[in-house]
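Q: To start, I am sharing the structure in question, which I have written as structure tokens.
Read-outs throughout are calculated quantities, based only on the coordinates presented, and are distinct from any laboratory measurement. Treat the numbers as computed from the prediction; the structure is a model and nothing was measured. With ideal geometry, Cβ positions are generated from the backbone for all residues, glycine too; neighbour counts draw on all protein chains shown.
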């Protein structure tokens, strides 16, 4: 196979992927539109009309509802097809779909919960044991989880907070390739902690 032919095939493959992606997006839009009957696609002779201001006009002939929508420069959308008679509303249909999709995206985003893991240390934790804990933190961060690093003081250990602070700084430095500090070292009772976020690419 010649080099030129290979380049042409590659370009066609890229074009095919682009076209397929565009078709997929367009199909999503078509699917959303097909969820609703609008304008002349509404089949009922009588409808319960809600106007562009949200006011309940009442039951009117479909021709009257269509005329009012046309006069307002908007669409007539069937929003409750199973009601008797069906409920229709005068709205900007494109904006309605955009707002609906935006709310769905926000709802999906709200459902995505970032898990928070924790490693617990003591001011005198050995390097060997701390190494195990840091490796756990690295694995969690690489998996997209947040990590809270906690150092708990006992007895007179609390009089030497600089030791815990140094440990936290060392851990942050060791994980800097996969983590960002969301909350720097902070005291909370007899505990010093720091919160790490997965590093953005």
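Q: Taking 45 Å as R0, compute the FRET efficiency from the Cβ-Cβ separation of residue 64 and residue 108 and round it to 0.05. Before the final figure, lay out each step's value.
A: Working: r = 39 Å, r/R0 = 0.87.
My answer for the efficiency is 0.70.
Q: Between residue 124 and residue 177, what's the calculated FRET efficiency when r is the beta-carbon distance and R0 is 22 Å? Round to 0.05.
A: On the way: r = 27 Å, r/R0 = 1.23.
After rounding, the FRET efficiency stands at 0.20.
Q: What distance in nm lies between label points placed 7 Å from Cα along the C-beta direction at residue 117 and residue 191?
A: Taking the simple label geometry, residue 117 and residue 191 are separated by 1.8 nm.
Q: Here's a follow-up. Between residue 100 and residue 139, what's the calculated FRET efficiency when r is the beta-carbon distance and R0 is 30 Å? Round to 0.05.
A: Details: r = 39 Å, r/R0 = 1.31.
With a Förster radius of 30 Å, E is 0.15.
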